[in-house]
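Written below as C-alpha coordinates is the structure these notes are about.
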Amino acid sequence: MSIFSDLLENCIEVFMDDFTVYGQTFDSCLDNLEKVLQRCVDKSLVLNYEKCHFMVREGIVLGHVISGRGIEVDKAKIEIIAKLPYPTNIKQLRGFLGHAGFYRRFVKDFAKIAQPMTKLLQNEVEWNFDEDCKEAFQILKNNLISAPIIQPPDWGMPFEVMCDASGYAIGQFLGRSGEMRVTSSIMPQRH
(Lines give C-alpha, C1' and ligand atoms only; values in the text may rest on other atoms or scores of the structure.)
Protein backbone atom coordinates (compact mmCIF):
# COMPACT_ATOMS: atom_id res chain seq x y z
CA MET A 1 0.00 0.00 0.00
CA SER A 2 2.89 2.35 0.68
CA ILE A 3 4.20 1.79 -2.85
CA PHE A 4 0.91 2.94 -4.37
CA SER A 5 -0.18 5.38 -1.62
CA ASP A 6 -0.50 8.38 -3.96
CA LEU A 7 -2.64 6.36 -6.39
CA LEU A 8 -5.01 4.71 -3.88
CA GLU A 9 -8.69 5.57 -4.35
CA ASN A 10 -7.68 7.48 -7.49
CA CYS A 11 -6.93 4.68 -9.93
CA ILE A 12 -5.99 1.62 -7.87
CA GLU A 13 -7.43 -0.47 -5.04
CA VAL A 14 -5.14 -2.79 -3.08
CA PHE A 15 -6.13 -5.86 -1.06
CA MET A 16 -3.27 -7.77 0.56
CA ASP A 17 -1.00 -8.69 -2.36
CA ASP A 18 -3.57 -8.07 -5.11
CA PHE A 19 -4.54 -4.84 -6.79
CA THR A 20 -7.08 -3.58 -9.29
CA VAL A 21 -6.44 -0.66 -11.62
CA TYR A 22 -9.45 1.21 -12.98
CA GLY A 23 -10.48 4.29 -14.90
CA GLN A 24 -13.60 6.15 -16.00
CA THR A 25 -12.85 5.56 -19.68
CA PHE A 26 -10.83 3.05 -21.66
CA ASP A 27 -8.09 5.63 -22.28
CA SER A 28 -7.90 6.72 -18.65
CA CYS A 29 -7.73 3.07 -17.59
CA LEU A 30 -4.80 2.56 -19.99
CA ASP A 31 -3.06 5.65 -18.59
CA ASN A 32 -3.59 4.45 -15.02
CA LEU A 33 -2.36 0.98 -15.89
CA GLU A 34 0.79 2.48 -17.39
CA LYS A 35 1.41 4.45 -14.15
CA VAL A 36 0.94 1.37 -11.99
CA LEU A 37 3.07 -0.91 -14.16
CA GLN A 38 5.84 1.71 -14.26
CA ARG A 39 5.70 1.89 -10.46
CA CYS A 40 6.05 -1.91 -10.34
CA VAL A 41 9.15 -1.67 -12.53
CA ASP A 42 10.59 1.19 -10.45
CA LYS A 43 10.08 -0.77 -7.20
CA SER A 44 11.21 -4.12 -8.66
CA LEU A 45 7.84 -5.76 -8.06
CA VAL A 46 7.31 -9.01 -9.93
CA LEU A 47 3.79 -9.81 -11.13
CA ASN A 48 2.42 -13.33 -11.50
CA TYR A 49 1.31 -13.46 -15.14
CA GLU A 50 -1.24 -16.17 -14.33
CA LYS A 51 -3.05 -13.75 -12.02
CA CYS A 52 -2.88 -10.75 -14.38
CA HIS A 53 -6.06 -9.90 -16.27
CA PHE A 54 -6.18 -6.79 -18.41
CA MET A 55 -9.11 -4.67 -19.55
CA VAL A 56 -11.82 -6.98 -18.25
CA ARG A 57 -15.41 -5.91 -17.77
CA GLU A 58 -15.84 -8.19 -14.79
CA GLY A 59 -13.67 -10.19 -12.43
CA ILE A 60 -13.74 -12.21 -9.25
CA VAL A 61 -12.58 -10.51 -6.06
CA LEU A 62 -12.92 -12.24 -2.67
CA GLY A 63 -15.33 -14.76 -4.15
CA HIS A 64 -17.56 -12.09 -5.65
CA VAL A 65 -18.12 -11.08 -9.26
CA ILE A 66 -17.42 -7.36 -9.70
CA SER A 67 -18.84 -5.81 -12.88
CA GLY A 68 -20.87 -2.95 -14.26
CA ARG A 69 -23.92 -4.69 -12.75
CA GLY A 70 -22.42 -4.21 -9.28
CA ILE A 71 -21.22 -6.85 -6.82
CA GLU A 72 -22.65 -10.36 -6.96
CA VAL A 73 -21.80 -13.64 -5.27
CA ASP A 74 -19.85 -16.00 -7.56
CA LYS A 75 -22.49 -18.58 -8.47
CA ALA A 76 -19.84 -21.29 -8.88
CA LYS A 77 -19.07 -21.10 -5.14
CA ILE A 78 -22.66 -20.94 -3.90
CA GLU A 79 -23.54 -24.57 -4.62
CA ILE A 80 -20.34 -25.90 -3.03
CA ILE A 81 -20.90 -23.91 0.17
CA ALA A 82 -24.64 -24.67 0.25
CA LYS A 83 -23.95 -28.43 0.17
CA LEU A 84 -21.29 -28.41 2.91
CA PRO A 85 -22.15 -31.00 5.58
CA TYR A 86 -21.68 -30.35 9.27
CA PRO A 87 -18.07 -30.78 10.40
CA THR A 88 -17.46 -34.11 12.11
CA ASN A 89 -14.10 -33.29 13.70
CA ILE A 90 -11.81 -30.41 14.73
CA LYS A 91 -9.89 -30.44 11.43
CA GLN A 92 -13.08 -29.99 9.39
CA LEU A 93 -14.34 -27.31 11.78
CA ARG A 94 -11.05 -25.39 11.53
CA GLY A 95 -11.27 -25.63 7.73
CA PHE A 96 -14.80 -24.25 7.67
CA LEU A 97 -14.07 -21.47 10.16
CA GLY A 98 -10.89 -20.60 8.26
CA HIS A 99 -12.85 -20.25 5.03
CA ALA A 100 -15.75 -18.42 6.64
CA GLY A 101 -13.31 -16.26 8.62
CA PHE A 102 -11.83 -14.97 5.37
CA TYR A 103 -15.19 -13.24 4.81
CA ARG A 104 -15.81 -12.29 8.46
CA ARG A 105 -15.46 -8.60 7.75
CA PHE A 106 -18.63 -8.84 5.69
CA VAL A 107 -20.74 -10.83 8.17
CA LYS A 108 -22.31 -8.76 10.92
CA ASP A 109 -21.69 -10.25 14.38
CA PHE A 110 -19.44 -12.98 12.96
CA ALA A 111 -17.75 -13.70 16.32
CA LYS A 112 -21.07 -13.88 18.14
CA ILE A 113 -22.55 -16.23 15.51
CA ALA A 114 -19.46 -18.48 15.39
CA GLN A 115 -18.99 -18.64 19.18
CA PRO A 116 -20.64 -22.06 19.73
CA MET A 117 -18.29 -23.57 17.13
CA THR A 118 -15.14 -21.72 18.19
CA LYS A 119 -15.64 -22.97 21.75
CA LEU A 120 -14.93 -26.46 20.38
CA LEU A 121 -11.44 -25.27 19.36
CA GLN A 122 -10.40 -24.57 22.94
CA ASN A 123 -7.99 -26.95 24.65
CA GLU A 124 -9.47 -29.90 26.51
CA VAL A 125 -13.02 -29.32 25.23
CA GLU A 126 -14.91 -32.47 24.28
CA TRP A 127 -16.19 -32.58 20.66
CA ASN A 128 -19.94 -32.06 20.72
CA PHE A 129 -21.32 -30.43 17.59
CA ASP A 130 -24.67 -29.71 19.22
CA GLU A 131 -27.77 -27.85 18.02
CA ASP A 132 -26.22 -24.44 18.80
CA CYS A 133 -23.22 -25.34 16.62
CA LYS A 134 -25.51 -26.57 13.83
CA GLU A 135 -27.53 -23.35 13.96
CA ALA A 136 -24.35 -21.21 13.86
CA PHE A 137 -23.00 -23.29 10.96
CA GLN A 138 -26.21 -22.77 8.97
CA ILE A 139 -26.29 -19.02 9.69
CA LEU A 140 -22.68 -18.60 8.52
CA LYS A 141 -23.30 -20.73 5.42
CA ASN A 142 -26.36 -18.62 4.56
CA ASN A 143 -24.34 -15.43 5.01
CA LEU A 144 -21.62 -16.76 2.70
CA ILE A 145 -24.05 -17.58 -0.11
CA SER A 146 -26.32 -14.55 0.17
CA ALA A 147 -25.80 -11.74 -2.31
CA PRO A 148 -24.26 -9.29 -1.87
CA ILE A 149 -22.16 -9.26 1.28
CA ILE A 150 -19.70 -6.70 -0.10
CA GLN A 151 -20.71 -3.10 -0.68
CA PRO A 152 -18.40 -0.37 -1.87
CA PRO A 153 -18.13 2.46 0.65
CA ASP A 154 -19.20 6.01 -0.11
CA TRP A 155 -15.83 7.76 0.23
CA GLY A 156 -17.59 11.14 0.42
CA MET A 157 -19.10 10.25 3.80
CA PRO A 158 -17.31 10.36 7.18
CA PHE A 159 -16.18 7.08 8.76
CA GLU A 160 -15.49 6.01 12.31
CA VAL A 161 -13.61 3.08 13.81
CA MET A 162 -15.76 1.02 16.19
CA CYS A 163 -14.21 -1.52 18.56
CA ASP A 164 -15.67 -4.22 20.75
CA ALA A 165 -14.21 -6.83 23.06
CA SER A 166 -15.51 -9.54 25.30
CA GLY A 167 -13.98 -12.29 27.36
CA TYR A 168 -14.05 -14.37 24.20
CA ALA A 169 -13.10 -12.23 21.17
CA ILE A 170 -11.97 -8.79 20.06
CA GLY A 171 -12.83 -7.00 16.86
CA GLN A 172 -13.12 -3.70 15.09
CA PHE A 173 -14.67 -2.34 11.96
CA LEU A 174 -14.63 0.82 9.96
CA GLY A 175 -18.19 1.96 9.65
CA ARG A 176 -20.66 4.67 8.90
CA SER A 177 -24.14 5.24 10.33
CA GLY A 178 -24.04 1.99 12.28
CA GLU A 179 -23.36 -0.12 9.16
CA MET A 180 -20.34 -2.37 8.82
CA ARG A 181 -18.60 -1.44 5.60
CA VAL A 182 -14.88 -1.93 5.16
CA THR A 183 -12.82 -4.01 7.56
CA SER A 184 -12.91 -6.11 10.68
CA SER A 185 -10.81 -8.64 12.49
CA ILE A 186 -11.80 -11.09 15.16
CA MET A 187 -9.35 -13.14 17.19
CA PRO A 188 -10.70 -15.89 19.47
CA GLN A 189 -8.72 -16.10 22.67
CA ARG A 190 -6.78 -19.29 23.36
CA HIS A 191 -6.80 -20.81 26.83
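The values are calculated or read from the model by the stated rules, or taken from the named source; none is laboratory data. Keep in mind the model is a prediction, meaning the values are calculated, not measured. Please note: Cβ atoms are built from the backbone with ideal geometry, for glycine as well, and neighbour counts cover all protein chains shown. Side chains included, ligands, DNA and RNA excluded: accessible areas come from the protein's heavy atoms. Shrake-Rupley method; radii C 1.70, N 1.55, O 1.52, S 1.80 Å.
Annotations
- Scan of segment 11-31 for residues that are open to solvent by 70 Å² or more (accessible area, probe 1.4 Å) and more than 23 Å from the chain's Cα centre (by Cα), ordered by number: Gln24, Thr25, Phe26, Asp27, Leu30, Asp31
- Pairs meeting the criteria (first residue in segment 1-21 and at positive phi, second residue open to solvent by 70 Å² or more (accessible area, probe 1.4 Å), beta carbons under 9 Å, at least 6 apart or on different chains) are Glu9/Trp155.
- Listed conditions (1) aromatic (Phe, Trp, Tyr); (2) under 23 Å from Ser5 (Cα atoms); (3) modelled with pLDDT of 90 or more are all met by Phe96, apart from (2).
- Filtering segment 32-54 to residues that are within 10 Å of Val21 (Cβ to Cβ) and either in contact with a Phe, Trp or Tyr (Cβ under 7 Å, 6 or more places away or on another chain) or open to solvent by less than 80 Å² (accessible area, probe 1.4 Å) (or both) leaves Asn32, Leu33, Val36, Leu37.
- Scanning segment 55-76 for residues that are open to solvent by 100 Å² or more (accessible area, probe 1.4 Å) and part of a helix (DSSP H, G or I) returns a single hit, Lys75.
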